[in-house]
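Colleague: Structure incoming, see below.
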Amino acid sequence: MRIADVYIAGVGSVVPPTMTVERAVADGLYPAVEAEVHGYLGVAIAGERPAPEMALEAAQVAVKRASLTPTELALLIYTNTWHQGPDGWLPQSYLRRHLVGGSVPAMAVHQGCAGMFDALELACCYLRAEPARQSALLVAADNYGTPLIDRWRINPGVIGGDAAVAVALSKERGIARILSVCSMGVPEGEEIHRRGEPMFPPTVTLGLAQDFTARLSYTRANGPDGIHPLTHLPVLLRELVEKAVAEAGIEIGDLAKVAHEAHSGEVIEHRIMAPLGVEMKKSTWNFGRRIGHCGASDQFLAFENLIAGGEVGSGDHVLLLAQAPGVVLSAAVVEVL
């Protein structure tokens with residue numbers, strides 16, 4: 001979807017202190033062979049701090065940086081990949097109470113690690129639908145330090161980091177202009193993230209851990225159905241990115257940086273950067289490898305880091321990429337102002 005009339009007005013984040021991979025290996029939390037292969041340096045760990053609490057702090061920073069009045073926002077969208085609090089309770093209500101007030105619509109989008117991209121597309125449509133709607137707030141947060149998930153073995157080549165990020169959007173001004181956002185579904189890959197487990201009752205209600213590694217292993221051991229889409233992802237990713245940059249009015253070669261999920265360095269180089277024909281030095285891996293894969297927050301955490309570190313400047317174009325179970329691929333292009 002072409003946009004160009006909505007801006008990123010402010011970004012806020014909370015990234016807790018990190019534990020080094022070296023220490024994790026010494027403590028027996030993370031296999032030394034995986035540390036060597038995947039190249040992570042550390043992971044952000046929030047301890048007992050609730051994800052919605054981190055989300056609120058990140059949101060407060062984003063709104064302040066955008067010079068917006070929280071109660072005048074037209075929309076709040078919350079996204080996450082892991083449990084947030086008591087079952088039956090909604091984390092966006094926490095931000096509604098402590099930040100935006102009761103007149104601001106507050107809702108959630110659940111699209112796994114690509115949640116911020118769906119939130120972005122929906123928010124842009126919502127703002128453009130009515131002239132009076134001027135600003136919106138997107139928030140993502142997760143804390144994986146809980147039972148039923150092992151942050152060191154979330155997925156092959158993935159360490160789960162805790163963090164929150166918030167993005168304030170405005171139709172008037174900003175630090176970057178959103179040029180395009182789009183996604184692509186690979187429905188034949190739907191089974192990959194559930195094979196070997198029944199859909200009912202839900203595993204969490206049985207006290208069973210989430211284990212994508214075991215589900216992927218089950219798929220590999222029980223025939224090709226559901227696994228073959230993974231081999232096509234680099235080609236599909238290239239198609240999606242070509243669409244995103246075309247809608248933005250540029251070419252892949254014009255990109256200054258690519259902000260992506262903080263997966264294994266090997267995966268990023270061979271399954272993302274190489275298929276796009278973009279040098280690894282344009283990736284945000286050097287940032288992501290220090291904090292881990294922080295759910296739906298990765299791309300905008302990396303974008304904020306690029307801005308804060310002066311790695312991008314006025315006129316630069318940044319591509320943001322995500323992949324989620326489903327299988328879903330998402331992309332967005334922004335121009336730094």
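The values are calculated or read from the model by the stated rules, or taken from the named source; none is laboratory data. As the structure is a prediction and not an experimental result, all values here were calculated from the model. Backbone-built Cβ (ideal geometry, glycine too); neighbour counts: all protein chains shown. Please note that ligands, DNA and RNA were not included when accessible areas were found on the heavy atoms of the full protein model with its side chains. Shrake-Rupley method; radii C 1.70, N 1.55, O 1.52, S 1.80 Å.
Colleague: Given the rule -39500 (n - 2.57) for each run of at least 4 DSSP H residues, summed and divided by the residues of the chain, what is its mean residue ellipticity at 222 nm, to the nearest 500 deg cm²/dmol?
Modeller: It comes out at -8000 deg cm²/dmol, rounded to the nearest 500.
Colleague: What FRET efficiency do you get for Arg173 and Thr71 if R0 is 22 Å and r is their Cβ-Cβ distance, rounded to the nearest 0.05? Walk me through the numbers on the way to the answer.
Modeller: Working: r = 19 Å, r/R0 = 0.87.
Here the calculated transfer efficiency is 0.70.
Colleague: Please give the contour-minus-distance gain from Val37 to Met184: 0.36 nm per residue of separation, less the Cα-Cα distance, rounded to one decimal in nm.
Modeller: Working: separation 147, 0.36 × 147 = 52.92 nm, distance 2.96 nm.
Net length gain for the segment: 50.0 nm.
Colleague: Sticking with this structure for a sec: Work out the FRET efficiency for Asp87 and Glu251 from their Cβ-Cβ distance, taking R0 = 51 Å, and round it to the nearest 0.05.
Modeller: E between Asp87 and Glu251, to the nearest 0.05, is 0.60.
Colleague: For segment 241-337, report the accessible area per residue in Å² (1.4 Å probe, heavy atoms, rounded to an integer).
Modeller: Per residue, segment 241-337 has an accessible area of 34 Å².
Colleague: Modelling each spin label as a point 7 Å along the Cα-to-Cβ direction, I'd like the Glu197/Glu269 distance in nm, to one decimal.
Modeller: The modelled label-to-label distance comes out at 3.2 nm.
Colleague: Over the heavy atoms of Val14, what accessible area does a 1.4 Å probe trace out, to the nearest 10 Å²?
Modeller: 10 Å²
Colleague: Sort Ile77, Ile307 by heavy-atom solvent-accessible area, probe 1.4 angstrom, most to least.
Modeller: The ranking, largest first, comes out as Ile307, Ile77.
Colleague: Also, I was wondering about something else. How much accessible area per residue does segment 1-106 have, counting only protein heavy atoms and a probe of 1.4 Å, in square angstrom? Before the final figure, lay out the partial values.
Modeller: On the way: 5150 Å² over 106 residues.
Counting only protein heavy atoms, the per-residue value for segment 1-106 is 49 Å².
Colleague: What is the list of residues in segment 114-158 whose amide nitrogen lies under 15 Å from a point 7 angstrom out from the Cα of Ser103, following Cα to Cβ?
Modeller: The answer is 132-135.
Colleague: Additional query: So, with a 1.4 angstrom probe, what is the percent of accessible area on segment 12-110 that is carbon and sulfur? Mind showing how you got there, number by number?
Modeller: Working: 2620 of 5030 Å².
In segment 12-110, the share of accessible area belonging to carbon and sulfur is 52 percent.
Colleague: Turning to a different aspect of this structure: Antiparallel as a % of all DSSP beta bridges within segment 75-173, to the nearest 5?
Modeller: Within segment 75-173, antiparallel bridges account for around 55 percent of the total.
Colleague: Would you work out the Kirkwood radius for the chain? I mean one over the mean of 1/r across all pairs of different Cα atoms, in Å.
Modeller: 20.1 Å
Colleague: Contour minus end-to-end for Ser217 and Val235, with contour as 0.36 nm per residue of separation and end-to-end as the Cα-Cα distance? Please report the intermediate quantities before stating the final value.
Modeller: Working: separation 18, 0.36 × 18 = 6.48 nm, distance 2.33 nm.
Contour length minus Cα-Cα distance gives 4.1 nm.
Colleague: Another one. Could you sort Leu306, Leu41, Leu148 by their accessible area in this structure, using a 1.4 Å probe and putting the largest first?
Modeller: These residues rank, largest area first, as Leu41, Leu148, Leu306.
Colleague: Amide H neighbours of Gln134 under 5 Å, at least 5 residues apart or on other chains, H built in the peptide plane: list them.
Modeller: Under 5 Å from the amide H of Gln134: Ala74.
Colleague: While we're on this one: Relative contact order for the chain: what percent, with Cα pairs under 8 Å and sequence separation of 6 or more?
Modeller: Values: 758 pairs, mean separation 84.1, N = 337.
Averaging sequence separation for qualifying contacts and normalising by length gives 25 percent for the chain.
Colleague: Ala26 to Asp150: FRET efficiency via 1/(1 + (r/R0)^6), r the Cβ-Cβ distance, R0 25 Å, to the nearest 0.05? If you can, show how the numbers build up before the last one.
Modeller: Working: r = 17 Å, r/R0 = 0.69.
Plugging the Cβ-Cβ distance into 1/(1 + (r/R0)^6) gives 0.90.
Colleague: Please arrange Lys64, Lys282, Lys243 by accessible surface area, largest first, computed with a 1.4 Å probe and ligands excluded.
Modeller: Sorted by accessible area, descending: Lys64, Lys243, Lys282.
Colleague: Determine the percent antiparallel among the DSSP beta bridges restricted to the chain, to the nearest 5.
Modeller: 75 percent
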